[in-house]
Amino acid sequence: MDSTAESIAAAPLPTQRTLRMRRNVPFQLLRFAAINLRMAGVILRGHK
Amino acid sequence: MARVVILGAGVAGHTAALHLRRWLGREHEVVVVSPNSKWNWIPSNIWVGVGRMTRSQVTFPLAPVYRRKGITFHQALATTLFPEGTADDPTPAVEIRSTAPDTAGETSRLTYDYLVNATGPRLNFAATPGLGPDGNSLSVCTDSHAEHTAGELKAVIAKLRAGEPQRLVIGTGHGTCTCEGAAFEYTFNVEHELRAAGVRDKAEVVYLSNEYELGDFGVGGLTFTERGFTTSSRTWTESLFRERDVKAIVRAHVQKVEPGVIHYEQLDGSEHELPFDFAMLLPPFRGADLTAYDRDGNDITSRMFAPNGFLKVDADYTARPYEEWSAKDWPSTYESAAYPNIFAPGIAFAPPHGISVPRKSPNGTVIAPAPPRTGMPAGITARAVASTIRDRITQGQQAPAHHASMAHMGAACVASAGTGFTQGTAAAMTMYPVVPDREAFPATGRDPRGTSGEIGLAGHWIKAILHYLFIYKAKARPLWFLIPE
Ligand SMILES: Cc1cc2nc3c(=O)[nH]c(=O)nc-3n(C[C@H](O)[C@H](O)[C@H](O)COP(=O)(O)OP(=O)(O)OC[C@H]3O[C@@H](n4cnc5c(N)ncnc54)[C@H](O)[C@@H]3O)c2cc1C
């Protein structure tokens, strides 16, 4: 447990701004479009 | 006239049945055998398990859909295969035992021209003493397990409100479990609920896993490119654990679950006890444990099935060390190695080996995730199998098989980390291919352009939309077939 706990303690901590952006509706609408495009690409490659 | 019998009405079996019915003329029969009367969108069981959805929101009765589509449905469990028929009748057949309320326990035989074994995983709680809802821990693997677990979570929240500290342990209940993604999702959904209930400060949330490190997810971890840097799914996952203050114990094999205490061993051979107030631990998976006989009545189960009960297909099952594992070992047609008219898409096929590095403790305990086969590969492999069967029925036996190897297939995984239209978050990941191909992509085994990860509300919206989209598709509503697998 200890080495994992140390690694978690040393992991990058998102800033308040990053956390806000993760729930910012206009920004997330853009991310929604981007993620969907990325997923569509992966899905289409899988369906070939 | 041909008859296709499909065992299992989960993601793979139901997908194969609907496509075959759409493609084949009415002179051909499509038959589905499945023990449950309802279809269940399993990924949303996570939300049932935190009380945010009801069982009726994640299930629907299969019989009306099959009646409308012209698919014959037997609510039954397949038990025995006779791939060469019997001494009296050489027609291949499968024996089934009814689970319908009015005929429960009655057995009958169905003959077939093509058989699709899409029986998915058997939840092997028995592998760990005390594991599971009949023992001392909880599960979210079925909608009824998830409903029960939601009730227990509510009780824990009530105790927290009363000021009683509680430890909630969520993870894998055996060293060889798969589906770590589901345990991860449930962990963060529970954490989100505790926060929403205003009781997070009194609760200790612990993720207990057989992964070597966080972010492995049974696929050996991922490497993403983010803002001009490559980063590992490990760092990315650890960051979420830090942000949400969730503890983690990895490299763990649960030996037994006693009331309120988990006993586990770690890769270094050390043994530990972890007291808990609430424990949701996934079971390891096995195949459906069908038995098979040849025409003379000899037991050929071990010829057709791997020791873990999964059907042996067109994979290369030669035992090799990890360094020699190859993307080419993975199957692509899912045709039985013994009988070309039997197929196993989805989780029902025996994988050639893991994806994560195999590891054992000094005591010889295997502590390494089994390879996950998520919904998307289950659907894609089922569609490929259905295409092969369609072609063989309409064009003749010589029609070539359709291919869908997990080594040439990407996957989009959205792991919920809390629900709510404006308050939800999810980790949206893509990977290409699922099974790393070190010849094609020497650096990490995966294409950096197809491999990504992002946390945010957008991922939650996608997860919620997928819920409605896949239930719409499974109900075979108008134009359902335009929704990809
Ligand atoms: C809690 C949880 C969360 C998950 N979340 C996700 C997710 O977010 N995204 C994702 O892609 N995947 C997810 N998965 C994995 C996904 O559910 C599986 O990949 C998928 O269900 C596999 O499809 P399948 O058809 O092979 O098996 P299943 O869907 O399990 O279907 C098997 C079917 O066979 C039937 N059956 C069993 N034995 C017999 C028998 N002897 N005779 C006849 N029928 C039989 C069963 O009743 C069932 O209908 C999750 C899994 C779990 C447990």
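The values are calculated or read from the model by the stated rules, or taken from the named source; none is laboratory data. Given the structure is predicted, the values throughout are model-derived calculations rather than measurements. Methodologically, a virtual Cβ is constructed for each residue, glycine included, from the backbone with ideal geometry; neighbour enumeration extends over all protein chains shown. Just so you know, the surface numbers come from the protein's heavy atoms only, side chains and all, with ligands and any DNA or RNA stripped out. Shrake-Rupley method; radii C 1.70, N 1.55, O 1.52, S 1.80 Å.
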Handout entry: Given (1) out of contact with any Phe, Trp or Tyr (no Cβ under 7 Å at 6 or more places or on another chain); (2) outside any loop (DSSP other than H, G, I, E, B); (3) among the small types (Gly, Ala, Ser); (4) under 30 Å from B:Arg251 (Cα atoms), index of the condition B:Gly181 fails
Key = (1)
Exercise for the section: Could you list all residues from the stretch A:16-48 that are assigned to a loop (DSSP other than H, G, I, E, B), more than 7 Å from chain B (Cβ to nearest Cβ) and under 14 Å from the mean Cα position of the chain (by Cα)? Expected result: A:Asn24
Completion exercise
By residue number, the members of the stretch B:112-138 that are open to solvent by less than 30 Å² (accessible area, probe 1.4 Å), of a type outside the set (A, V, I, L, M, F, W, C) and near the ligand (Cβ under 8 Å from one of its atoms) are B:Gly120
Problem - Among (1) within 30 Å of B:Leu168 (Cβ to Cβ); (2) without any contact (Cβ under 8 Å) to a residue 12 or more places away in the chain - the single one B:Arg67 does not satisfy - result: (1)
Practice task
Run B:Val156 past the list (1) within 16 Å of the ligand (Cβ to nearest atom); (2) of a type in the set (Val, Ile, Thr); (3) open to solvent by less than 40 Å² (accessible area, probe 1.4 Å) and report the number of the one that doesn't hold.
Solution key: (1)
Exercise for the section: With the checklist (1) open to solvent by less than 10 Å² (accessible area, probe 1.4 Å); (2) out of contact with any strand residue (DSSP E or B) (no Cβ under 7 Å at 6 or more places or on another chain); (3) in a helix (DSSP H, G or I) in hand, flag the one item B:Arg390 doesn't pass. Expected result: (1)
Practice task
Within the stretch B:220-263, track down each residue that is modelled with pLDDT under 95, touching a Lys or Arg at 6+ places or on another chain (Cβ under 9 Å) and open to solvent by less than 10 Å² (accessible area, probe 1.4 Å).
Solution key: B:Leu222
Completion exercise
Among helices (runs of 4 or more DSSP H) entirely inside the stretch B:1-73, those with 2 or more residues being away from the ligand (no atom under 11 Å from the Cβ) and open to solvent by 10 Å² or more (accessible area, probe 1.4 Å) are B:11-23, B:55-58, B:62-69
Problem - The one condition in (1) part of a loop (DSSP other than H, G, I, E, B); (2) more than 30 Å from B:Glu258 (Cβ to Cβ); (3) touching a Pro at 6+ places or on another chain (Cβ under 7 Å); (4) open to solvent by less than 60 Å² (accessible area, probe 1.4 Å) that B:Tyr317 fails to fulfil - result: (4)
Fill in the blank from the handout: Restricting the stretch B:183-200 to residues that are of a type in the set (A, V, I, L, M) and crowded, with 24+ Cβ neighbours inside 10 Å, the one nearest to B:Arg122 (Cα to Cα) turns out to be B:Ala183
Completion exercise
Checked pairs for the stretch B:370-382, first closer than 19 Å to B:Phe285 by Cα, second more than 6 Å from the ligand (Cβ to nearest atom) and assigned to a helix (DSSP H, G or I), C-beta under 6 Å and 6 or more apart or across chains, list as B:Pro377/B:Met406; B:Gly379/B:Thr15
Exercise for the section: Report yes if B:Arg109 is within 15 Å of the ligand (Cβ to nearest atom), open to solvent by 60 Å² or more (accessible area, probe 1.4 Å) and touching a residue at least 60 places away in the same chain (Cβ under 8 Å), otherwise no. Expected result: no
